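Asker: Quick one: structure below, then a few questions.
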Amino acid sequence: MKLSFDWLSEFVDLSGLTAYQVAEKLTMGAFEVEEVTIIGPDLEGPIVVGEIIEIHQHPNADKIRLTKTRIKEGEEPLDIVCGAANIEVGQIIPVALPGAKVVNRHDGSALLIKASAIRGVKSNGMLCSPPELGIAKNLQDPGQDEGIWILNKNGNRAASELVLGSDVLPLLPSKADYILHVEPRSNRGDALSVRGLAREVAALFGRPLKKPDWSLADLQKSLGEKTPTSKFSKAIVESSSDCPYITLRVMEGIEIGPSHPAIAARLEAIGMRTVNNVVDITNYVMHELGQPLHAYDANHLKNDHLAVRRATNSETITTIDGKERKLNNEMLAIADDDTIVGVAGVMGGKDSEISDQTTALVLEAACFAPAVVRRGSRLLGLSSDASLRFERGIDPASVRHAAERAAFLIAQYCSKEGKAVVGPLIEAGSNQVEPGQVTLRSSQIKRILGIEVSPARIKELLTPLGFTVKGEGETIEVSVPSFRKEDVKREIDLIEALCRLNGYDAIVPSMPAATMAVARPDDTLDLAKNALTGMGLSEAWLSSLVPADQAGIDKQLAVEVLNPLSKDHQLMRQSLVPGLINACGYNQDRGRKDVWLFEYGRVYFKELQKENKSTGVREDNHLAGLVSGQRFKSINQNSPAVDYSLAKGMVENLLSSLNIDERKLAWRSITDNESNSMPWLHPYRTAVLTLNRPAKPNPNKDASATSLFESNIALGYVGELHPRFADSKGLRDKAFVFELDIDRLKKERKPKKFAGIATSPEIVRDITADFDATDKDVSYEQVSKLIWKQAGSNLRNSELVSVYRASAESKKYSMTCRLTFQHPSETLTNEEIDKVLTTIRESLSRDLAASFRL
Amino acid sequence: MEAQEFEAKITALVASALSAIDNTADLDSLENLRVQYLGREGELTIMLRGLSTLDKAIRPKAGQLGNQAKLQIEQAHDGKRSHLYDSTLNQRLATEIIDVTTPGTRCLSGHIHPLSQISNEIISIFYSMGFTVADGPEVETDYYNFDALNTPASHPARDEQDTFYTNIGPSSLLRSQTSTVQIRVMENTKPPLRIIAPGRVYRNEEVNARKYPLFHQVEGLLIDKDVNFGQLKGTLSAFIQALFKKPVKIRFRPDFFPFTEPSAELDSECPFCSGKGCKTCGGRGWLELLGCGMVDPNVLKGVGIDPEEWSGFAFGMGLERLAMLKYDINDIRNFYTNDMRFLEQF
Ligand SMILES: [Zn+2]
C-alpha cells in the first residue's frame, strides 16, 4: 500500500520527523517500507487566496494586463501584472507574493517570486496557473489549460476555504509529498489504511493521534438538514454471517464533476486513477480509513431497498469494467430485487454506476465476510482494492465512521450549488463487537522474549494502538479494540506486539543452553558424490516437474499436477535419466563434447494401495549418471571414447566406495518389458543390478506395470543409450547412463572392519570354460555366481581375465577366470585345490553346459 | 714354482687384465672380462686356486700377491663399469628430451553443484550446534503444508503461495515450504529437538530470472524448555557469521508468518553497496536472508506439545537466494540448466 506522508500527518503528529525516519521505524515495526518516493512540486509560501478587483490594459503591451488584486478584506488591492487571457473581475485566484517559490511552467524548475517591474509597470506578485502550483494538467478544467486557476469556478469550492489572504498551500493537492511504499500484511487488514498505519506510527514513536476535525452533523446543520425526496429506505440482509452489518445512505442534490484538486492529487500520488468527484471520494475514504465504499446512482435503482444475498446460478452482472460476468450461489451479491447491482465487496455494476448525469446516489458501507468475498473474487478472477481489504477483514464497529466521512466529503465537494441533501443512515445487521479480553502474564513475556517489559511500559506501548491495559503485577488484563479483534486473540499475540513495538534490537542475543545427543549423519550421499566427482562427473540439479509427454512415465503410477504452470511442468518424474539426457543435448548443442553428469534426486510414484498415514506417493532417492565423449583429454594419443565398460566400471567403483558386498548383488540383462518401459535404454547393452535373492510379490503393482524399480529387489541399471532415443534427442555422440535406487542400496552397506592381511601362501589357478550359445547363452555373472557357490570358503578372488570368440558372429566362446585361493592361516595343498576345481567344472558342465579342454 | 716366477706370472696377468678392461667400450664386454678373470673359472681364480700346491715358504707371500691382484682387477672393473654405465645412460637420456610444458593428460574433473555446496555448508554449521538433518515428502497434504502450520483455509496467506495440487487426492499438493518437516518431526519425536531440513519446494510462479516453479529451502527448528527470542537471535547471528566467514552487519526486522510469533526477517547489510542502496538490494541497503520466529503455540498444541512447558524457534531460508548472493549469480535458471560451463565454475 502506498502511504502519503502528508496524509499520515493528518492523523498523527509527525512534527520534527522526516518521511525517512518514519519509513525506517515502520520497517522495523513489521510494516516494511520498500521504497520512499518524492512527488509533487517544491512550493513555498506566501501563496494566498486573492480576488481580482479590477483589470486594466497594460500601457506598453497588448497581451499583458494589469490587475488590482485584493489579498485581505478591507485592505488595498495589490498591483499585479498578468498575461493570462481567462481572468475576470470577481474571480478568486491563488496569488504568489514576493518570496514565494512556485514552479516554472515552461521547464518545471523553481521560480522565485520577486516584486518587479514588467515593461515599466510594477508587479507585486503573480497570479498562478495550475501548473505553476504543480497541479498536473489532467486535473484541470481543460478550458483552463493556459489560464490562471479560478478557485471559485463550478461551485466546487466551499466558501470557507476561500477566505482572502488564507494560505493556498494547505488547499493544494500537490505540495511536495513523500510516498511510502508499505508492504501489505495479510493478517493486518486494519493497517491497510492511513489511519491504521497512523496508529502504528503513533505507537512506535510514542506520539499522540490527532482527533478528526470534521463533523457530518455540523455540515448537515449548515446544509439545512433537509430530507431526501427518494422513497429509498431499507437494507435487507439475507444472512448475517455473509454480511454482519451494512449501512446505506441516500444523498441528493449532487453534481458530478472532477474532484477537488486536493482529493484528486492525493489519489494520484498513491497511484489511483481519478474517475469523478463521488467515486474518488469513496476511494479516498477507503485509503484513509480502510473501509471500502460503493455509490450507486439512485435514479437507476427501481426499489426502495437493496438486498445482500447470494446470487443464483442463472444471474449475471456487467461490472464497472464493462465485462459481463456469470454469477453463482457461492458469490454474494447486492440486489435491487432481481437486478444484481454489485458483487459484494468486489465490484459494482455498470448500470448503476455514478455517471455525469447522476444527481442522487445511495452510498454503501458494509462489512462482508472475508471468506465469501475471497471466494467471489477467486471465482470471478477479479480482485480489487475493495476485495483486498474485505478479504483481510473489516471491523463492523468502524463502518459507520467511514460512512459518515464519505457522506461528509460528498456533501462538501459534490454538492450542486451547495444544496446537497444528506439522508439518514439506513442500517441492517449489527455493528456491535464484543471487546476482546486477553490476559497477559509478565512471566510469559520474560519466557518467550528473554527480557522484562514493565507494566508501565506495556501500557505506554499498547495504548496508542487502541488497547486498554489494566493491572500492575504478574497478571495484566488487556482489552482489545474491535479492529484488532481478529489478529489479537491470545497472550502470544500481545507478546508479539510488545516485542515489535519495543524494538527487536532491545532483545539481547544469547545461545540456547542444553545440547542434545548428536545423531550420526548418514554419509552414503557424501561418499557417493565424492566417488563420482573423483571419477570426473559433475553434479546436476534437474527439474522434478517434467512434461506431460516425458518418456518412460508409467501412467498408472504418475503423480500429475492439476494446475501446472505449463505443459512442460505437468508430471512428477519417475526417473532422473531423461533429464540428464536433455542436459547432455543442451551441452552438446553448445559445442561441448565431453558431458559427464550425475544427479542425486527424487522420483515419485503413486501408491496404488495407499498405506496408513502415507501421502499416497512413494518418493525414492535415486542417483543417476550420464557419460558421453572421450575418456580423457591428451595430446599424445587418441583418447578412447567412453564405452559401456567404463560406465559399468564407474558403477562398480561406486558400489565399492559405499562398501557394498558385491556378492549380495547380481547383474543380469534387461528384459524386453523393462527396456520398453525405459525407452532410452539399449535392449542388449543394459545390465540390471538387483539384490542376489528372489523378488517378493509387489502389492503395489499389477502385472501390466513394467517400471523396473517396481520390483523390490531392483537396485538400478547401467547401459548404453538406445540409438533411436539418442537420435530423437539430437545427441551427437554415444552416451551411457546409470541409475541407482540409493535408498535400497544404502541398506546393503556393511560396516567397515579390517579383516587382517593373510600371510599364508596364495594359490592361483585359471579355469577356462567353453560355451556354445546355440545350446545355452551363458553370462559371466552366471559363471561367477556358480564358481563362488561351489568354491568353498578358501576362494579369495575370482576374476574374469579373458573372453574369447573366434569371430563376432561366432556362437562359440570361452571364458577364462583366474581364481585365487588362500586359507587364513594354513598352507593349502595342490590336492585340495584340484578337488575344488573338479567340483567347479562339474557344476559348470551340469548347470551351464560348459565344456572343458584338457 | 719359485716365488719370482709366480710373481712375474701374476704381474703379467694383472697387466693384461687392466689393459683389457681399459680398452673395453661397453658393459657387455666388461662383464665378459670380469668372468674371464674373476669368474669361477676365471684366470686369476684358477691361479689363486693353485696356491695350495706351492711351497709352504712362499705361500704367504704368493697369497698376498694374489689378493692384491684380485683387488686391483676388481677396482679397475668397478671403476670402468661405473664410467661405462654413466656414459651409456647419458646417451639414453639425451634421446629422451620432451617438451615438459605441454598439457598433461586429464580426466574430466567433477564439480559439486553450487546449491549442494551451500546446502552442505549450512548443514555443517548447524550440525556443529547440535542440529540433525530431517527429511519429509515433497508431495504433501494441505494439513502439513497449511493447517498444521496455523494457516487455515480462510487464511489469506494460503492464496499468496500459489500452490500446485495433484491428482493423488483433493488434499494432495506439492509442498510450498519445508516447514512441513517441522510438523512431521514434532509428531514423531518428543522434545527437546534440534533439526535442520533441507529440501525442494514448489510454487506456481512464472519462470523468470528470479523465480522458478521449484526451488530449495532449509528449514530449522529448535524446541526446548525456556527457549526465547534472544536465543533465536544468538543462534542465527552465529550462523550468518559462520556462513559468510566474516563479520556481517545484520538486523532482525519484524515480519508476520502464520506459524511463528513473534516473527522476524533476518537482513544483512547489502554487500554490493555496503548499505548505501543499489540495484541488487532495490535501494534498501539490506538484503533478506531468512525468515524466523518463535514457534506459535497453536502449532505446538497441534502436535501435542504443551506450549506452557516447551517453547522454540523455527527458521527457513532459500538456498538459491543465498547461493546467488554468495556466488554473484544473477539468474536463477542457471541452477537448473546444468550447463557444464556453469557447473565447472564451482
Ligand atoms: Zn545494495
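The values are calculated or read from the model by the stated rules, or taken from the named source; none is laboratory data. Given the structure is predicted, the values throughout are model-derived calculations rather than measurements. Cβ atoms come from the backbone with ideal geometry, glycine included; neighbour counts cover every protein chain shown. Remember, those area values only see protein heavy atoms, side chains included, never the ligands or the DNA or RNA. Shrake-Rupley method; radii C 1.70, N 1.55, O 1.52, S 1.80 Å.
Asker: Quick check: anything in segment B:222-232 touching a helix residue (DSSP H, G or I) at 6+ places or on another chain (Cβ under 9 Å), open to solvent by less than 30 Å² (accessible area, probe 1.4 Å), closer than 30 Å to residue A:569 by Cα and not in a strand (DSSP E or B)?
Answerer: No, segment B:222-232 contains no residue that is touching a helix residue (DSSP H, G or I) at 6+ places or on another chain (Cβ under 9 Å), open to solvent by less than 30 Å² (accessible area, probe 1.4 Å), closer than 30 Å to residue A:569 by Cα and not in a strand (DSSP E or B).
Asker: Look at segment A:437-472 and say how many of its residues are charged (D, E, K, R), more than 14 Å from chain B (Cβ to nearest Cβ) and surrounded by 15 or more Cβ atoms within 10 Å (Cβ to Cβ).
Answerer: So the count comes out to 2.
Asker: A further question follows. Can you confirm whether segment B:88-102 contains a residue that is open to solvent by less than 40 Å² (accessible area, probe 1.4 Å) and either away from chain A (no Cβ under 11 Å) or within 37 Å of the chain's Cα centre (by Cα) (or both)?
Answerer: Looking for residues that are open to solvent by less than 40 Å² (accessible area, probe 1.4 Å) and either away from chain A (no Cβ under 11 Å) or within 37 Å of the chain's Cα centre (by Cα) (or both), one finds none in segment B:88-102, hence no.
Asker: To continue, here is another question. Among A:301, A:382, A:293, which is touching a residue at least 40 places away in the same chain (Cβ under 8 Å) and surrounded by fewer than 21 Cβ atoms within 10 Å (Cβ to Cβ)?
Answerer: Only one candidate qualifies: A:382.
Asker: Another question, if that's okay. Going through segment A:775-825 one residue at a time, which ones are in contact with a strand residue (DSSP E or B) (Cβ under 7 Å, 6 or more places away or on another chain), polar (S, T, N, Q) and either part of a strand (DSSP E or B) or closer than 15 Å to residue A:840 by Cα (or both)?
Answerer: Listed by number, the residues that qualify are A:784, A:794, A:797, A:798, A:802, A:814, A:816, A:820.
Asker: Show the residue pairs that are 6+ apart or on different chains and have beta-carbon atoms under 9 Å apart, the first residue being within segment A:487-501 and without any contact (Cβ under 8 Å) to a residue 40 or more places away in the chain, the second being aromatic (Phe, Trp, Tyr) and open to solvent by less than 10 Å² (accessible area, probe 1.4 Å).
Answerer: From residues that are without any contact (Cβ under 8 Å) to a residue 40 or more places away in the chain, the pairs are A:497/A:467.
Asker: In addition: For segment A:117-128, enumerate the residues that are at pLDDT 85 or above and either closer than 13 Å to residue A:87 by Cβ or open to solvent by 30 Å² or more (accessible area, probe 1.4 Å) (or both).
Answerer: Residues satisfying the conditions are A:122, A:124, A:126, A:127, A:128.
Asker: Considering only residues of segment A:493-502 that are open to solvent by less than 20 Å² (accessible area, probe 1.4 Å) and of a type outside the set (D, E, K, R), which is nearest to the other protein chains (Cβ to nearest Cβ)?
Answerer: Per the stated criteria, the residue is A:499.
Asker: Right, next: Please determine, by comparing only the residues of segment A:142-189 that are at pLDDT below 60 and outside any loop (DSSP other than H, G, I, E, B), which one is farthest from the other protein chains (Cβ to nearest Cβ).
Answerer: A:159
Asker: Of all residues in segment B:147-187, which are more than 7 Å from every other protein chain (Cβ to nearest Cβ), without any contact (Cβ under 8 Å) to a residue 24 or more places away in the chain and assigned to a loop (DSSP other than H, G, I, E, B)?
Answerer: Answer for segment B:147-187, where residues must be more than 7 Å from every other protein chain (Cβ to nearest Cβ), without any contact (Cβ under 8 Å) to a residue 24 or more places away in the chain and assigned to a loop (DSSP other than H, G, I, E, B): B:152, B:153, B:170.
Here's the yes/no breakdown for (1) among the charged types (D, E, K, R); (2) assigned to a loop (DSSP other than H, G, I, E, B); (3) touching a Phe, Trp or Tyr at 6+ places or on another chain (Cβ under 9 Å):
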position	(1), (2), (3)
A:306	no, no, yes
A:325	yes, no, no
A:335	no, no, no
A:357	no, yes, no
A:366	no, no, yes
A:371	no, no, no
A:374	yes, no, yes
A:390	no, no, yes
A:398	no, no, yes
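Asker: Does segment A:276-284 contain at least one residue that is out of contact with any strand residue (DSSP E or B) (no Cβ under 6 Å at 6 or more places or on another chain), under 17 Å from residue A:390 (Cα atoms) and not polar (S, T, N, Q)?
Answerer: Yes - at least one qualifying residue is present in segment A:276-284.
Asker: Additional query: Quickly run through segment B:103-125 and pick out the residues that are within 11 Å of another protein chain (Cβ to nearest Cβ) and closer than 21 Å to residue B:242 by Cα.
Answerer: Within segment B:103-125, B:112, B:113, B:114, B:115, B:116, B:117, B:119, B:120, B:123, B:124 qualify.
Asker: To continue, here is another question. With the requirement that a residue be open to solvent by less than 30 Å² (accessible area, probe 1.4 Å) and more than 7 Å from every other protein chain (Cβ to nearest Cβ), what does segment B:233-247 give you?
Answerer: Scanning segment B:233-247 gives B:236, B:239, B:240, B:243.
Asker: Do we find that residue A:333 is open to solvent by 10 Å² or more (accessible area, probe 1.4 Å), in contact with a Leu (Cβ under 9 Å, 6 or more places away or on another chain) and more than 28 Å from residue A:258 (Cβ to Cβ) in this structure?
Answerer: no
Asker: Right, next: Can residue B:307 be described as assigned by TED's automatic domain parsing to the domain that holds residue B:228 and open to solvent by 30 Å² or more (accessible area, probe 1.4 Å)?
Answerer: no
Asker: I would also like to ask the following. Suppose we filter segment A:5-64 for residues that are in a helix (DSSP H, G or I) and β-branched (Val, Ile, Thr); how many remain?
Answerer: Matching residues across segment A:5-64 total 2.
Yes/no matrix, rows are residues, columns are (1) modelled with pLDDT under 90; (2) hydroxyl-bearing (Ser, Thr, Tyr); (3) open to solvent by less than 80 Å² (accessible area, probe 1.4 Å):
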site	(1), (2), (3)
B:2	yes, no, no
B:10	yes, no, yes
B:28	no, no, no
B:48	yes, no, yes
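Asker: Based on what the data block shows, is residue B:311 closer than 23 Å to residue A:487 by Cα, within 11 Å of another protein chain (Cβ to nearest Cβ) and either away from the ligand (no atom under 16 Å from the Cβ) or charged (D, E, K, R) (or both)?
Answerer: The answer is yes for residue B:311.
Asker: Scan segment A:780-791 and give yes if some residue there is modelled with pLDDT of 90 or more and farther than 23 Å from residue A:715 by Cβ, otherwise no.
Answerer: yes
Asker: Looking at segment B:249-297, which of its residues are of a type in the set (A, V, I, L, M), open to solvent by less than 30 Å² (accessible area, probe 1.4 Å) and more than 20 Å from residue B:152 (Cα to Cα)?
Answerer: Correct list: B:264, B:266, B:287, B:289, B:290.
Asker: Something else about it: Considering each residue of segment B:241-293, count those that are within 10 Å of the ligand (Cβ to nearest atom) and of a type in the set (A, V, I, L, M), and give that number.
Answerer: Selection size over segment B:241-293: 1.
Asker: Next question. Tell me yes or no: at least one residue of segment A:604-613 is touching a residue at least 12 places away in the same chain (Cβ under 8 Å), open to solvent by less than 10 Å² (accessible area, probe 1.4 Å) and within 45 Å of the chain's Cα centre (by Cα).
Answerer: Among the residues of segment A:604-613, at least one is touching a residue at least 12 places away in the same chain (Cβ under 8 Å), open to solvent by less than 10 Å² (accessible area, probe 1.4 Å) and within 45 Å of the chain's Cα centre (by Cα), which makes the answer yes.
Asker: So which residues in segment B:189-222 are more than 10 Å from chain A (Cβ to nearest Cβ) and over 18 Å from residue B:330 (Cα atoms)?
Answerer: B:189, B:190, B:196, B:197, B:198, B:201, B:217, B:218, B:219, B:220, B:221
Asker: Taking only pairs six or more apart or across chains, which ones have beta-carbon atoms under 7 Å, a first residue in segment B:260-288 that is away from chain A (no Cβ under 11 Å), and a second residue that is within 12 Å of the ligand (Cβ to nearest atom) and of a type in the set (Asp, Glu)?
Answerer: Pairs found: B:275/B:269; B:287/B:267.
Asker: Continuing with this model, one more query. Would you please list the contacts, defined by Cβ atoms under 7 Å and residues six or more apart or on different chains, that run from a residue in segment A:552-570 that is away from chain B (no Cβ under 11 Å) to a residue that is among the hydroxyl-bearing types (Ser, Thr, Tyr) and not in a loop (DSSP other than H, G, I, E, B)?
Answerer: Here the result reads A:552/A:677; A:554/A:677, each pair linking segment A:552-570 to a residue that is among the hydroxyl-bearing types (Ser, Thr, Tyr) and not in a loop (DSSP other than H, G, I, E, B).
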